[in-house]
Structures are given as C-alpha cells and as structure tokens.
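Below: the structure, in structure tokens.
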Amino acid sequence: MALNQLSAQQVATPLKTIVKAYPLIQQMNKKLNGTINAALGGISRTLIPITLPAFTIEWNYSFSTSRDGSAAKNLQLASQLAILVSKAVPGAGIFTGLSESALSSIITPSGSIPVNVYLLDPNNANAFINNRQFNYYAQNSATNATQAAMTVRDLTTGTWYLAIENYSARSAVLVDIEAVAIQSMVVHPSSMKKHNDQ
C-alpha cells in the first residue's frame, strides 16, 4: 500500500528539465602554416575530433584568427552559453534549444586572417587531411572567415570533426577554437541525488 501511495505521489510530482553547457573541447590554439611552407614540411590543415555526449540537443563552436606571434584570443564560449542556458531553461517541460536571438548575443573576438573551418564526418575527415577531395556540411561550416560562432542542431550523436584550413600561400595563422554541447534531460525530482547523499 505504501508503495502504491509513493508511486501515485511520484506521478503527481512535475518533471524537471535539466540543461547544461558541456565543454567538448576547452579553448585551444592551433598554428597553421601557409600552403608553401606546408609543402616544405609544415602543416596548413588540422583536424579536431568532436565526440558528442548523451542528451546533446545542439552544440556550438566558435573561433577567431590572428597572425603568428599574436596573443591568444579569449573566446569564453562555455561561460557565455552557461549564462544563456540559465536564463532560458524552463522548470518543467522539454527544452529544445537556445533561441536564435540568444545565440546571436554570443560575442566572438574579431579575427584578422581568413580560414576555412569545415564540419566533416570521419570518412571525409580522412580525405581532407590527406589532401583529397571531400564533402562537408555547408550550413555548419564557416568558409573564408576570420571569426565565427556556429550552432549545430542536426548532428547530435557520434563523432564529428572540425577541419581547419589555412589556404593562404605564405601567411601563417593562429586559430583559437572552442566547442560546447548543450545537454537537456527531463528527470523526476526523486531521481536527483544531492552531493552529500550516500
């Protein structure tokens, strides 16, 4: 009887939506040579694997470029998304993602040298790094860009690759890049555990 009463009470208790910003890659700095120096032993292309965790409903990446020898840019993508999530999440119900107006408020430092950043699947990532013809997800990529903040909503499971290309013949470039997933799950309050629970 007590079990039945508890079950009825649980059913009557509203579900809770938990949403958080989960860092996929902490901000990193990649140096890419121009294509002439790359032909002499440097690199003008690089790959960053992105493995998406469970409950990902969208993920974001931002980058900014600078000349070789410049100080790193401070992207702060994870902290900006954490603030946006905290303002947007309902107490109950389903969270389907941040609004376009919220995402447009993300600040990305201005860059100075254009690069291509492609979103690729594993097969095309292999083709890219070996200088073969490849296909990429155009709406989730940034081409001829000095900086960008991108949101990916249609590829939310598995492993993907951010492929960065410096197509300049002579100029080396530094690329600061960061990626963050937005996870959303609906749970019953009784399944939530306090930090000090045993």
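Any read-out appearing in this document is the output of simple, stated calculations on the displayed coordinates, not a laboratory observation. As the structure is a prediction and not an experimental result, all values here were calculated from the model. No Cβ is skipped: glycine too gets one built from the backbone with ideal geometry, and neighbour counts run over all protein chains shown.
Laid out as a table, the results:
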quantity: Magnitude of the charge dipole, segment 15-188, Cβ model with Lys/Arg +1 and Asp/Glu -1, debye to 20; calculated: 220 debye
quantity: Integer Hz, Karplus 6.51/-1.76/1.60 couplings in order for segment 175-187, x for Gly and Pro; calculated: 10, 8, 9, 8, 9, 9, 9, 9, 9, 9, 9, 9, 10
quantity: Proxy reagent accessibility, fewest Cβ within 10 Å first, across Thr143, Thr96; calculated: Thr96, Thr143
quantity: From phi via Karplus (6.51, -1.76, 1.60), per-residue ³J(HN,Hα) for segment 132-144 in Hz, x at Gly/Pro; calculated: 9, 5, 9, 10, 9, 7, 4, 5, 10, 10, 10, 10, 6
quantity: Exposure proxy order (Cβ contacts within 10 Å, fewest to most) of Asp154, Asp68, Asp176, Asp121; calculated: Asp154, Asp68, Asp121, Asp176
quantity: Long-range amide H partners of Gln147 with built H, under 5 Å; calculated: Gly111
quantity: Dipole axis of segment 15-188 (+1 Lys, Arg; -1 Asp, Glu on Cβ), positive-most option in Thr96, Asn37, Val117; calculated: Asn37
quantity: Residues Thr35, Thr65, Thr157, Thr108 arranged by fewest to most Cβ contacts within 10 Å; calculated: Thr157, Thr35, Thr108, Thr65
quantity: Reference-scaled alpha-carbon Rg (2.2 N^0.38 Å with N residues) for segment 15-188; calculated: 1.09
